[in-house]
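Read through the structure below, which is laid out as C-alpha cells, and then see the notes.
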Amino acid sequence: MEWAPATEADHIDGVPARWVAAPTTTAEAAAVLERAARDNLAVGIRGGGTKLDWGLPPRRLDLLVDTKRLSGVLEHAAGDLIAIVRAGTRLDTLDFGSQHLALDPLPGATVGGTVALNTSGPRRLLHGTARDLLIGITVVRPDGRVTRSGGKVVKNVAGYDLGKLYTGSYGTLGLITECVFRLHPVAGARAVVTTPVPRADLGALLATIRAEQVVPSAVELDRPDDGPVTVAVLVEGTPAGVHDRAAQLEKATGGTTSADPPPWWGRYPWQPGETGVKLTAPLSRVPALAEPGVRGSAGTGVLYARLTGDIPARLDRIRAAAIAAGGHAVVLTAPPDVRERVDMWGPVPGLALMRRVKDRFDPGHRFAPGRFAGGI
Amino acid sequence: MSTLGTLAATLRAVLGDGQVLTDRQDLRTYECDGLANHRVVPGIVVLPRDTAECARTVRECVAAGVPFVARGSGTGLSGGALPRADGVLIVTARMRRILAVDAADERATVEPGVINLQVSKAAAEHGYYYAPDPSSQQVCSIGGNVAENSGGAHCLKYGFTTHHVLGAEIVTPEGEVVELGGPAPDPPGYDLLGAFVGAEGTLGIATRVTVRLTRLPQSVRTLLAAFPTTAAAGAATSAVIAAGVIPAAVEMMDALAVEAAEAAVACGYPAGAGAVLIVDLDGPTAEVEAQFAQVTALFETHGATELRVAATEAERTLFWRGRKSAFAAVGRISPDYIVQDGVIPRTALPEVLARIGEIAAGHGVRVANVFHAGDGNLHPLVLFDAAKPGEDERAEEASGAIIDLCIEYGGSITGEHGVGTDKAKYMPRMFTADDLDTMQLLRCAFDPAGLANPGKIFPEPRLCGEIPRKHHGSDAPTGLY
Ligand SMILES: Cc1cc2nc3c(=O)[nH]c(=O)nc-3n(C[C@H](O)[C@H](O)[C@H](O)COP(=O)(O)OP(=O)(O)OC[C@H]3O[C@@H](n4cnc5c(N)ncnc54)[C@H](O)[C@@H]3O)c2cc1C
C-alpha cells in the first residue's frame, strides 16, 4: 500500500496532512494504520470530504486516510434484509432494488462518514439513525488491529455493542472499514401532508399529529427567517393505506396532501461557510426552539438552526433555551473565527467516562485529536 | 473478621439492617437466576432503596476489593445474575417506582426494579405502551431488560430494548453516579448509553431508566396458520417478508412444541400441524387490512392447511397463550430441558432445522423448536431426563452443537438471552482474540478493577493494566480559551 505525499487539497479543516493513503480493503487499511502506529503518526480520516469542517480542527495531523477506494457493497442478502458495505461507499449510490438502507443520504456523504458523525434525516422518526440500523461493524483500531463487533443478523446480543460506541465518534476511536446494516422494504406509496401554522399553535399541531395513529415516517418543521412555521408529515406504505392515512391527517390538521416533500426537506438550513447548530429537546419542548432559521425533525426533537449576526450571543441564548428544555445545542460547523470564540459542544454529561474510553482505545491520542467533544 | 464480614458490618451501619442480608437461608433465595443449573450462594445480599444507597454499596465494595453482581427479577436465562460467593449481590427489588409518565414527550422514567409490563400499564391510559415485550414481561425488570438488551416477539418490527431506552442514570463500577443519554435525543459525546445497554451488568448498575413510549396501534390483527412442515412455514414467512411486509411478530412452533403447549394450556392449536405460525399485523387500519390480505394469500399459496383469524381480544390472547407459555410447557412432556437461544439468517431456516433434527437424533434427545421466525432467532428446547445416566451430558452436547450450527451459518450465539455465565465459553468461536480484546478496552474504561459482574460474557478474567495517563489540559477545546 503506497503512501503519497499530501497535496494542497489534503487537509482537515485547514490542518495540512503530510501523507495520504487510500487503502482498498480492510487488510490494507490495517497495514497502513499499523505503520502509522509504529511511527507515532497522528491520523485523520476523510470519506466524501463533505463534513471535515464539522467539530474542531485536529490538533495534530500527519497521515490522512482517504476511504474513497474502500468502497462497494460486499453482500446484499435480500431475503435476510441485510447488506455489508465498505465505509467509503457513497450513501447516495446505494441501490438495493426493492429494499433500502433507511438513512436519508446527504449529498456526497459516505457510509463511514455518516456512521462516524451519526448524521440523520427526516425518516429517523420511523427508522432511527445509523446507530439503530447498524448491526455489525469492522474497525481498524489505532494500533492497527482489525476488530469486529455485532454480526450479520439483526437479532444479536453477543458481546458489547461497540457499533454504538463508534457511531458518532468522529473518527476518534479508529477507522471504520465495513458496516453491516439492516435494510427495510421500500414502501409502495408515499404522501406528504403539509400544514402552515403560527408558532403559538405549533405545540398543539404536533400533539394532534402524535395523537393520530398514522405512524408517520417523518414529521418535519421549517421556520424561515420570515413567515409562519410549516409542518410536513411523510406517510409511507401501501397505496390504499397511504391514501387513508393522508386523508385522516388532512382532516385532523387542516393540511394539504402532495406526492413529494417540500424543497427544504432533509436539508440543513445553513449554507457552506455559515454557522450550523443542532438543537435537541424532548418532544413537548420543540416549539420553544422553533425560532426563525430553524428546521428539522419535530417528530423526534432534533432541529437544526442557522445562526447569523452576533453568533456567540445567539448561541448563548439558544443553548440556554435548549438546556432549559432538557436538550443540547451543539455547533456542528462554523467559520474559523466563530469556532475560536464559542464553546462548540456545550455541557457534555459523562465526559470523564468518555475520556477514559478514548484513553483505552487510543492511548496516544493520535486519532483526530481535539476534533470531538471535550477536546477528545 | 473476614473481608465479607467487615463489609457486611459496614453496609449495615450505613444502609440499615433491613437492607443487608447475610443469613444463609435468606441468601439461598438468590442462588440462581432463570438458569437454575448454575447455583452459587451470594456472600452478601443488599437491597438498596435508592441511587444513593446503591452507589454507597458499590463504593464500599470497591474499597474492600469485593466483586458485586446486579440482580433485577432473576429471570435471566444465561446466568447473568449468578452471584459470587465472595461478593455482594445488589438486588433492585426495592427500587420499583415509576417516576414519571410523560405522554407529551412519549417517554417514561422508572427505577430499575420496575416490572416491564407495569410500564405499559401505566402508559395505557395515555394511549401509549412500552414496545419491548419479552415473554417474561409480567415479571422481568427494566434494569434487567437494559442489561440484556431484551427483545420480545414484536422486536421484528419495533426493535429491541436498545432502540427504546433514551437515558439511564448509572452507578459506575467505581461508584460514581453518571447520566448516560438523557431526556433529549443524540446527546453530545460518545454513545455510552448504547454501549451500556446489553453489557449484562458489567459496566455498572442502572439506577434510573428513561424509556421511549410508543403510540398504541390503531388496529391489530392476529392470525394463526398451520403448515404441514416447518420448512413450509419458513418458506411462507420468507415470502411475506420478500413481499415487503414486516409483521409486528411472526412466531413459529413445531409439532413437538405445539404438543407441549396443548398439554400445558389447552390453546387449541390445529391438531396434527407440522408447524404453527402466529402472526401479528399492527398499525393504521388501512395498512393492516392491506397487509392482512397479502399475508393470507401468501400463506394459502405456501400450503397453509388451516388459517384462523382472531375475532376478539380473548381469541387473540388464546392464540398467544400457547406461544408465551411454550418454555414452561415443555415441562409437561419432558422431565428436564435446556432452553437454547441462537440466531441464524432467516433464509437458512429449513436447512438449519433439518440439521437440528440430525443433531437431536445423533445425541438421542428430542428437540422442540420455538422461534421468532421473522428474525431467525431460534429457541430450540432440548428435552432430556436427568434421571437417565448420561442423558444430561448428551443434551448439553446437543445444545452446544446447535450453537455451533448458528455460528456456521453466520448467525449469533445469542439473540436475546445474553452470554452470561452460560455462553462465555462460546464467545471465542464467534469473535477473534482481537475482537474480545477490544471489548475489554471498553470494560476497562468503566471498570479498571474488574469488580462489576466478573466472569460473565468473557471467557477468561482479564486484568486491565495501566494506560499511560494523559494530561487533559492540552486537550481542552480551543474554542473555550
Ligand atoms: C419464561 C421466560 C421467558 C423469557 N422470554 C424472553 C424473551 O422473550 N425475550 C428476552 O429477551 N428475554 C426473555 N427471557 C429472559 C429474561 O427474562 C430477560 O433477560 C430479562 O431482561 C431479565 O430481567 P431480570 O429483571 O429478570 O434480570 P436478572 O435475571 O435479574 O438479571 C439479568 C442481567 O442483568 C443484570 N442486571 C439486572 N439489573 C440490572 C441493573 N439495574 N443494572 C445493570 N445490570 C442489571 C444482571 O447482573 C444480569 O447480568 C425470558 C425468561 C423467562 C424465564
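The values are calculated or read from the model by the stated rules, or taken from the named source; none is laboratory data. Values in this document were obtained by computation on a predicted structure and should not be read as measured data. Positions of Cβ are backbone-derived with ideal geometry, glycine not excepted, and every protein chain shown enters the neighbour counts. The accessibility values were calculated without ligands, DNA or RNA, using every heavy atom of the protein model including side chains. Shrake-Rupley method; radii C 1.70, N 1.55, O 1.52, S 1.80 Å.
For this structure, a couple of remarks:
- Of all residues in segment A:328-345 being in a loop (DSSP other than H, G, I, E, B) and at the interface with another protein chain (Cβ under 7 Å from one of its Cβ atoms), the one that is most open to solvent (accessible area, probe 1.4 Å): A:D343
- Looking across segment B:112-133, the residues that are open to solvent by 10 Å² or more (accessible area, probe 1.4 Å) and either in a strand (DSSP E or B) or within 10 Å of the ligand (Cβ to nearest atom) (or both) come down to B:I115, B:Y128, B:Y129, B:D133.
- Taking the criterion of being more than 10 Å from the ligand (Cβ to nearest atom) and in contact (Cβ under 8 Å) with a residue 40 or more places away in the chain, the residues of segment B:168-196 that qualify are B:E169, B:T172, B:P173, B:E174, B:G175, B:E176, B:V177, B:P183, B:A195.
- Within segment B:384-395, not a single residue is within 23 Å of B:E148 (Cα to Cα) and buried (at least 20 other Cβ atoms within 10 Å of the Cβ).
- Matching entry among A:W270, A:W265 (being more than 30 Å from A:G14 (Cβ to Cβ) and of a type in the set (F, W, Y)): A:W265
- Picking from residues in segment B:327-347 that are farther than 22 Å from B:A263 by Cβ and open to solvent by 10 Å² or more (accessible area, probe 1.4 Å), the one that is farthest from the ligand (Cβ to nearest atom) is B:T347.
- Selection from segment B:197-216 of residues that are more than 16 Å from the ligand (Cβ to nearest atom) and buried (at least 22 other Cβ atoms within 10 Å of the Cβ): B:L213
- The residues of segment A:205-235 that are open to solvent by less than 40 Å² (accessible area, probe 1.4 Å) and closer than 22 Å to B:D282 by Cβ, listed by number, are A:I209, A:V214, A:P216, A:S217, A:A218, A:V219, A:V233, A:L234, A:V235.
- Among residues of segment A:347-373 that are at the interface with another protein chain (Cβ under 8 Å from one of its Cβ atoms), those with a Cβ under 6 angstrom from a residue that is among the acidic types (D, E) and not in a helix (DSSP H, G or I), sequence gap 6+ or separate chain, pair up as A:P349/B:E179.
- Between B:S412, B:S399, the distinction of being polar (S, T, N, Q) and within 14 Å of chain A (Cβ to nearest Cβ) belongs to B:S412 only.
- Against the criterion of being more than 30 Å from A:V286 (Cβ to Cβ) and either of a type outside the set (K, R) or open to solvent by less than 10 Å² (accessible area, probe 1.4 Å) (or both), B:A184 does not qualify.
- In the set B:V211, B:V276, only one residue is modelled with pLDDT of 95 or more and in the same structural domain as B:I142 (by TED's automatic domain parsing); that residue is B:V211.
- Qualifying residue in segment B:217-232 (condition: open to solvent by 10 Å² or more (accessible area, probe 1.4 Å) and within 16 Å of the ligand (Cβ to nearest atom)): no
- Residues that are open to solvent by 50 Å² or more (accessible area, probe 1.4 Å) and in a strand (DSSP E or B), drawn from segment A:87-116: A:R90
- The set of residues in segment B:238-271 that are of a type outside the set (A, V, I, L, M) and touching a residue at least 24 places away in the same chain (Cβ under 8 Å) comprises B:S238, B:P247, B:E251, B:D254, B:E259, B:E262, B:C267, B:G268, B:Y269, B:P270.
- Pairs with Cβ under 6 Å, 6+ apart, first in segment B:451-468 and under 16 Å from A:Y160 (Cβ atoms), second open to solvent by 20 Å² or more (accessible area, probe 1.4 Å) and modelled with pLDDT under 95: B:P454/B:P461
- Whichever residue in segment A:124-154 is among the β-branched types (V, I, T) and part of a strand (DSSP E or B) and, among such residues, is nearest to A:V302 (Cα to Cα): A:I135
- Single unsatisfied condition, B:C140 versus (1) touching an Asp or Glu at 6+ places or on another chain (Cβ under 6 Å); (2) within 13 Å of the ligand (Cβ to nearest atom): (1)
- Strands (runs of 3 or more DSSP E) contained entirely in segment B:1-110, each with at least 2 residues that are within 16 Å of the ligand (Cβ to nearest atom), more than 14 Å from chain A (Cβ to nearest Cβ) and of a type outside the set (S, T, N, Q): B:44-46, B:68-71, B:88-91, B:98-102
- Within segment A:299-320, restricting attention to residues that are within 15 Å of A:R223 (Cβ to Cβ) and more than 12 Å from chain B (Cβ to nearest Cβ), the residue that is nearest to the chain's Cα centre (by Cα) is A:A305.
- Answer residue from segment A:37-59, given it is farther than 24 Å from A:G374 by Cβ and of a type outside the set (S, T, Y) and is most open to solvent (accessible area, probe 1.4 Å) among those: A:R38
- Subset of segment B:270-295 [more than 11 Å from chain A (Cβ to nearest Cβ) and either open to solvent by less than 10 Å² (accessible area, probe 1.4 Å) or part of a strand (DSSP E or B) (or both)]: B:P270, B:A275, B:V276, B:L277, B:I278, B:V279, B:D280, B:L281, B:V295
- Conditions (1) closer than 19 Å to A:A30 by Cα; (2) open to solvent by 20 Å² or more (accessible area, probe 1.4 Å); (3) touching a helix residue (DSSP H, G or I) at 6+ places or on another chain (Cβ under 8 Å); (4) of a type outside the set (S, T, Y); number of the one not met by A:H127: (1)
- Test: residue in segment B:151-160 that is part of a helix (DSSP H, G or I) and buried (at least 24 other Cβ atoms within 10 Å of the Cβ): yes
- In segment A:1-20, residue most open to solvent (accessible area, probe 1.4 Å) [restricted to those that are more than 19 Å from A:G48 (Cβ to Cβ) and touching a Leu at 6+ places or on another chain (Cβ under 8 Å)]: A:R18
Table: residues versus (1) in contact with a helix residue (DSSP H, G or I) (Cβ under 7 Å, 6 or more places away or on another chain); (2) buried (at least 23 other Cβ atoms within 10 Å of the Cβ); (3) among the hydroxyl-bearing types (S, T, Y).
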{"residue": "B:P247", "(1), (2), (3)": "yes, yes, no"}
{"residue": "B:A263", "(1), (2), (3)": "yes, no, no"}
{"residue": "B:A297", "(1), (2), (3)": "no, no, no"}
{"residue": "B:G303", "(1), (2), (3)": "yes, no, no"}
{"residue": "B:R316", "(1), (2), (3)": "no, no, no"}
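- Contact map, segment B:121-143: first residue within 28 Å of B:L35 (Cα to Cα), second residue part of a loop (DSSP other than H, G, I, E, B) and away from the ligand (no atom under 16 Å from the Cβ), Cβ cut-off under 9 Å, separation 6 or more or different chains; pairs are B:Y130/B:L213; B:A131/B:L213.
- If the condition is being over 23 Å from the mean Cα position of the chain (by Cα) and either of a type in the set (D, E) or within 7 Å of chain A (Cβ to nearest Cβ) (or both), then segment B:149-178 contributes B:E174, B:E176, B:V178.
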